[in-house]
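Below: one structure, written as structure tokens.
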Amino acid sequence: MNRRYFVGIFLVSAATLLLELALTRTLAVAMWYHFSFLVISTALLGFGVSGVALSLWTSLRERAHLDKALAVLCLGFGGTTIASYWLMQRIPFDPFGLIFQWSQFLFMPLYYLNLVVPFFFSGLVIALLFSHGSREVNRLYAADLLGAGVGCGAIALVMPLFGGSGSVLVAALLGFLAAATFGWSQARRLAAAGGILAVSLLPIAFFGDHLIPISVIAAKRHPLQPANAKPIYSAWSALSKVDVFKLAPAPDLGRPAPGFSIIVDGGFSGTEVPDLSGGVSNYLAHTDDFRNSGLAYEGKLHPNVLIIGSGAGREVLEGLTFGASSITAVEINPVINKIVSQTLQPYWGGLFEQPNVHLVTEDGRSFVRRSHGTYDAIISVQTMSDSALLSGALSLSETYILTREAFADYYDHLDPDGVLLMTRPNYQIPKLIATAREVFDERGLGSVADHLFVFRGPVLPYGHTRFLTCFMMKKSAWSPKEIAAIEKRLGISEPQPAGSEVPEVFFSPYQPAPQKTFFSRRLHELAEAQDLQAIYRGTSEALSPATDDQPFFNQRLRWRSLRPEVFREVLFPANGRGSDGYRPVAEVSLIALFAQSIAIAAIFILLPLIRFSRTGLRAPSRWSFLIYFAGLGLGFILVEMVLLQRFTLFLGQPIYTLAVVLAGLLISTGAGSYATSSLQGALKWSLVPITVVILGALGGTALVTPYVFSAALGLALPWRVLISLLLIAPLGFVLGMPFPRGLRVVAEEAPELVPWAWGVNGFFTVIGSIAAVILGMAFGFRFVLGVAAGCYLVAFGAIILPEAVALLGQRQEVGGVTLGKSTSDAGAATN
């Protein structure tokens with residue numbers, strides 16, 4: 001084949017993966033970052049539909065001019081990428097708006113299908129090339145995988161340079177370049193069109209965010225984002241979009257003087273800081289605007305402090321006022337750290353250049369794990385927005401800094417009298433109590449009750465809402481003197497100004513029984529009850545701690561509690577559910593999205609097969625083959641989704657995980673698929689050792705990864721990326737073997753079933769991406785991996801067992817004939 005085909009498939013694959021990752025970031029801004037699985041599902045649907053379409057579209061596959069067809073399809077990919085992204089900003093889809101607008105049931109599939117179209121075109125390009133280049137399939141596969149890997153890695157360079165919308169335009173640009181490449185020899189006009197469009201699009205991509213601004217759902221607006229105000233600075237990284245706003249004075253919101261706010265991903269989180277342009281020392285000496293609570297520093301002289309999620313630096317400023325000898329400020333977002341220390345450094349007055357302040361760009365959990373020191377105070381003041389809480393978005397969020405294993409890490413890195421301070425909503429405090437309790441019980445540390453203190457009061461030294469609910473855990477037991485000093489700082493039992501909030505203690509080791517409210521008694525029960533598991537079983541709330549295997553700390557109801565009446569209350573609300581009006585909107589929306597994905601995949605994959613390829617359903621052994629390919633599709637996507645979730649903890653951010661896991665799986669499964677061509681022996685029976693190896697690889701992955709993550713979580717990111725690829729490669733290699741091997745069996749025994757093999761595999765791959773999230777939330781990702789192993793076992797059983805039964809029958813029949821013949825011969829000899 002001509003080199004153009006290898007260059008072209010490289011460009012198409014790079015464009016496809018770049019588009020997939022860019023869409024995960026733009027969706028994170030437009031809605032919530034937890035919907036990365038939606039992009040994966042739509043991409044898989046596009047590829048599934050393209051495979052079925054090519055199987056049925058004989059004129060394209062057999063009679064169309066290859067170069068012209070490839071060029072037209074690449075132009076279609078580039079054009080639909082731009083068009084569908086533009087339309088995406090105009091479809092008023094709110095994934096958690098089902099309880100407010102029934103129109104969302106229309107917008108959801110429209111949004112879903114709109115995103116599918118570009119992946120349909122790129123899928124057709126790749127499938128068409130493979131069908132025409134069977135003799136060079138190994139080289140085509142290599143170019144395809146290399147392009148996919150480059151596309152995954154390119155997100156780290158393209159996103160900061162072009163932004164979210166610009167990155168989508170760059171993906172379209174690569175599609176146009178592919179059209180120019182494919183049409184260069186035999187379709188010059190199409191090639192010229194592709195080249196002109198690519199060259200024209202390059203300068204436009206730099207202004208993509210202005211030309212096609214991302215439409216952020218209204219419910220996501222953060223209170224620190226001034227209405228109708230433009231940011232003074234905006235920047236993208238591979239992690240997020242960051243906007244900086246000037247804040248006008250608002251004394252009624254706890255901000256007497258001007259300040260600045262930093263908003264992440266269009267409102268998912270935000271933080272603020274006063275204007276420090278006159279210098280940090282000067283600000284602290286001449287203002288009473290900054291009211292330090294200093295709760296974590298009570299009784300500590302020159303404390304050594306760790307701040308997880310330092311953001312704009314509000315907690316850093318507080319630490320300086322209490323004479324901290326060392327402040328380690330850990331912030332995962334490099335854009336925020338660059339803003340406060342370089343880009344807008346004058347506004348921060350050298351806050352992060354103080355000699356005792358150390359700014360670290362890293363995931364907080366990873367930093368704690370690799371840290372060799374201990375701290376007088378570990379502080380994590382959450383900056384999630386109220387809109388994220390109220391929408392239910394956080395229910396789908398994996399939160400590895402709040403798991404049981406994370407609390408054990410925090411305990412190990414506290415000084416003997418060290419304090420862990422966290423702010424969370426009221427409803428999450430019981431789970432924090434339960435998490436601390438289980439860590440103490442597991443380590444035999446005695447009663448956790450003497451080490452906890454929970455209250456609502458003035459925590460933030462500066463901000464729009466200084467009253468927060470705060471959880472404090474001390475490594476040693478609280479003394480009555482320490483508790484009294486903290487309560488004095490909070491103003492407990494002291495007169496409060498008219499109309500202001502009143503501080504309240506929810507849990508204290510020395511809280512008199514008459515002062516205990518219903519909420520307080522519940523917290524004491526969780527900390528002190530003999531049988532903690534009985535409390536979990538006796539409630540529909542998800543009170544048991546989140547773990548690294550099931551990291552959904554923000555989930556409020558157990559999945560087993562989602563009975564039909566709960567769905568009715570969400571979809572047809574009459575009164576609020578529970579004392580705080582909570583309704584499991586996220587869970588119901590996820591189920592609705594799952595149902596709609598089944599319907600859409602059936603309509604666009606299975607229905608065309610039923611209409612145009614009905615003869616395949618009359619093929620011999622049809623059900624064995626269909627179950628086989630269904631099991632492969634579902635099993636593979638379950639494994640992929642588990643890896644995406646598990647490696648999020650290890651790599652620190654979903655975008656890194658997507659890039660590394662997808663690239664690793666693509667390359668290793670491609671190598672495994674290519675390796676099957678050298679396998680000898682009967683096609684069906686060669687699946688037996690493949691089955692054994694896959695089940696062993698899945699079991700080994702489930703057993704080994706937790707220990708590897710625990711040992712290597714503290715390593716630098718490049719090392720963690722390398723370890724991740726080494727862990728993924730063996731599993732991906734063996735997972736790449738059964739599909740092409742099975743496809744060869746079908747092609748030889750029942751060729752009319754080939755389109756059905758593609759279609760059924762694609763159908764179960766699409767629905768499996770959402771099913772994996774639901775199963776992971778309900779049972780944990782180790783369970784999902786077990787289900788994946790079961791899928792592979794069922795798949796191989798479906799195709800091997802009939803063969804084994806038939807072979808056994810033949811042997812028995814042959815044995816009977818032989819035995820009968822021997823008996824006859826013996827009788828004849830006797831006669």
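The values are calculated or read from the model by the stated rules, or taken from the named source; none is laboratory data. Remember, it's a predicted structure, so these values are computed and weren't measured experimentally. Heads up, the Cβs are rebuilt from the backbone with ideal geometry, glycines too, and the neighbour counts pull from every protein chain shown. Ligands, DNA and RNA are excluded from the accessible area calculation, which covers all protein heavy atoms including side chains. Shrake-Rupley method; radii C 1.70, N 1.55, O 1.52, S 1.80 Å.
Scanning the range 177-192 for residues being open to solvent by less than 70 Å² (accessible area, probe 1.4 Å) and touching a Gly at 6+ places or on another chain (Cβ under 9 Å) gives a total of 10. Please tell me if Phe629 is at pLDDT 80 or above, open to solvent by less than 20 Å² (accessible area, probe 1.4 Å), farther than 23 Å from Asp549 by Cβ and out of contact with any Lys or Arg (no Cβ under 8 Å at 6 or more places or on another chain). Answer is yes for this residue.
Among the candidates Leu124, Leu106, Leu128, Leu98, single out the residue that is modelled with pLDDT under 80 and either open to solvent by less than 30 Å² (accessible area, probe 1.4 Å) or outside any helix (DSSP H, G or I) (or both). Quick ask: steps written out before the conclusion?
Details: Leu124 fails: modelled with pLDDT under 80; Leu106 fails: either open to solvent by less than 30 Å² (accessible area, probe 1.4 Å) or outside any helix (DSSP H, G or I) (or both); Leu128 fails: modelled with pLDDT under 80.
Only one candidate qualifies: Leu98.
Helices (runs of 4 or more DSSP H) wholly in the range 423-539 with at least 1 residues that are open to solvent by less than 10 Å² (accessible area, probe 1.4 Å) and over 27 Å from Tyr400 (Cβ atoms) - which ones?
Details: elements: 429-443, 480-490, 518-528, 532-537.
Per the criteria, 480-490, 518-528.
Among the residues of the range 390-414, just one is modelled with pLDDT of 95 or more, open to solvent by 10 Å² or more (accessible area, probe 1.4 Å) and in contact with a strand residue (DSSP E or B) (Cβ under 7 Å, 6 or more places away or on another chain), namely His413. The residues of the range 267-293 include none that are surrounded by fewer than 23 Cβ atoms within 10 Å (Cβ to Cβ), under 30 Å from the mean Cα position of the chain (by Cα) and over 19 Å from Leu460 (Cα atoms). If we scan the range 220-228, do we find a residue that is more than 21 Å from Tyr5 (Cα to Cα), surrounded by fewer than 22 Cβ atoms within 10 Å (Cβ to Cβ) and hydrophobic (A, V, I, L, M, F, W, C)? Looking through the range 220-228, at least one residue is more than 21 Å from Tyr5 (Cα to Cα), surrounded by fewer than 22 Cβ atoms within 10 Å (Cβ to Cβ) and hydrophobic (A, V, I, L, M, F, W, C).
If we keep just the residues of the range 166-205 that are in a helix (DSSP H, G or I) and of a type in the set (Ser, Thr, Tyr), which is farthest from Thr81 (Cα to Cα)?
Start the filter on the range 166-205 by keeping residues that are in a helix (DSSP H, G or I), which leaves 166-183, 188-205.
Adding the requirement that they be of a type in the set (Ser, Thr, Tyr) leaves 167, 181, 200.
On the way: Ser167: 11, Thr181: 19, Ser200: 16 Å.
This residue is Thr181.
Scanning the range 763-783 for residues that are touching an Asp or Glu at 6+ places or on another chain (Cβ under 8 Å) and surrounded by fewer than 21 Cβ atoms within 10 Å (Cβ to Cβ) yields Gly780, Arg782.
Per-residue answers, yes or no, for (1) under 19 Å from Leu666 (Cβ atoms); (2) in a helix (DSSP H, G or I); (3) open to solvent by 20 Å² or more (accessible area, probe 1.4 Å); (4) of a type outside the set (A, V, I, L, M, F, W, C):
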| position | (1), (2), (3), (4) |
| --- | --- |
| Gly8 | yes, yes, no, yes |
| Ala14 | yes, yes, no, no |
| Leu18 | yes, yes, no, no |
| Arg25 | no, yes, no, yes |
| Val29 | no, yes, no, no |
| Ala43 | yes, yes, no, no |
| Val49 | no, yes, yes, no |
| Ala53 | no, yes, yes, no |
| Lys68 | no, yes, yes, yes |
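Screening Ser326 against (1) within 25 Å of the chain's Cα centre (by Cα); (2) hydroxyl-bearing (Ser, Thr, Tyr); (3) open to solvent by 20 Å² or more (accessible area, probe 1.4 Å) leaves a single unmet condition, (1).
Open to solvent by 10 Å² or more (accessible area, probe 1.4 Å), modelled with pLDDT of 80 or more and of a type outside the set (S, T, N, Q): is that true of Trp86 in this structure? Give the steps one after another, and end with the answer.
On the way: open to solvent by 10 Å² or more (accessible area, probe 1.4 Å): yes; modelled with pLDDT of 80 or more: yes; of a type outside the set (S, T, N, Q): yes.
Yes.
On the basis of being open to solvent by 20 Å² or more (accessible area, probe 1.4 Å), at pLDDT 95 or above and either assigned to a helix (DSSP H, G or I) or touching a helix residue (DSSP H, G or I) at 6+ places or on another chain (Cβ under 9 Å) (or both), does Leu161 make the cut?
no
For the range 13-38, the tally of residues that are at pLDDT 90 or above and in contact with an Asp or Glu (Cβ under 8 Å, 6 or more places away or on another chain) stands at 1.
For the criterion of being of a type in the set (Val, Ile, Thr) and either part of a helix (DSSP H, G or I) or at pLDDT below 90 (or both), Ile327 fails. Only a single item in (1) over 21 Å from Leu666 (Cα atoms); (2) open to solvent by 10 Å² or more (accessible area, probe 1.4 Å); (3) of a type in the set (A, V, I, L, M); (4) assigned to a helix (DSSP H, G or I) is not met by Leu715, and it is number (4). Scanning the range 336-359 for residues that are within 13 Å of Gly309 (Cα to Cα) and open to solvent by less than 50 Å² (accessible area, probe 1.4 Å) returns Ile336, Asn337.
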